[in-house]
Amino acid sequence: MTTHHREPVSCACGHEGIVHWSENDQPFSKQWEQWSISGFEGEGFYLDGGYTHLTAALDRMKPKCPACGEVGKIKQT
């Protein structure tokens, strides 16, 4: 079964968006995670095996704020 998560994030300038991720939580099967972001410019990614957390995912996606143009100023709200 796939579990879906949504976490609100915001830029230092106040612009808001959402990080989306899905993970396989089925027992006795291979772990995977799929990450993406909306409201910001950034690349999603697929993690085949293992886990990551929101801060590391944001570092990897390198989201750019469309309001102020800053990269790396996005935090969990």
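Between GLU16, GLU33, which is among the acidic types (Asp, Glu) and either under 13 Å from GLN76 (Cβ atoms) or within 9 Å of the chain's Cα centre (by Cα) (or both)?
Testing whether each residue is among the acidic types (Asp, Glu) and either under 13 Å from GLN76 (Cβ atoms) or within 9 Å of the chain's Cα centre (by Cα) (or both) leaves just GLU16.
Considering only residues that are closer than 14 Å to GLY17 by Cβ and either modelled with pLDDT under 95 or not in a helix (DSSP H, G or I) (or both), which ones fall in the stretch 55-71?
Matches in the stretch 55-71: LYS62, PRO63, LYS64, CYS65, PRO66, ALA67, CYS68, GLU70, VAL71.
Considering each residue of the stretch 63-77, count those that are under 23 Å from HIS4 (Cβ atoms) and either surrounded by 13 or more Cβ atoms within 10 Å (Cβ to Cβ) or free of Cβ contacts under 8 Å to residues at least 24 places away in the same chain (or both), and give that number.
Of the residues in the stretch 63-77, 2 are under 23 Å from HIS4 (Cβ atoms) and either surrounded by 13 or more Cβ atoms within 10 Å (Cβ to Cβ) or free of Cβ contacts under 8 Å to residues at least 24 places away in the same chain (or both).
Are any residues in the stretch 66-75 more than 14 Å from the chain's Cα centre (by Cα) and over 23 Å from GLN34 (Cβ atoms), and if so, which ones?
If the condition is that a residue be more than 14 Å from the chain's Cα centre (by Cα) and over 23 Å from GLN34 (Cβ atoms), then ALA67, CYS68, GLY69, GLU70 are the ones that fit.
Within the bounds of the stretch 20-36, is there any residue that is of a type in the set (Ser, Thr, Tyr), modelled with pLDDT of 95 or more and either closer than 15 Å to LYS62 by Cβ or not in a strand (DSSP E or B) (or both)?
yes
The values are calculated or read from the model by the stated rules, or taken from the named source; none is laboratory data. Just so you know, these numbers come straight off a predicted model, no measurement behind them. A quick note on method: Cβ atoms are made from the backbone with ideal geometry, for glycine too, and the neighbour counts reach across all protein chains shown.
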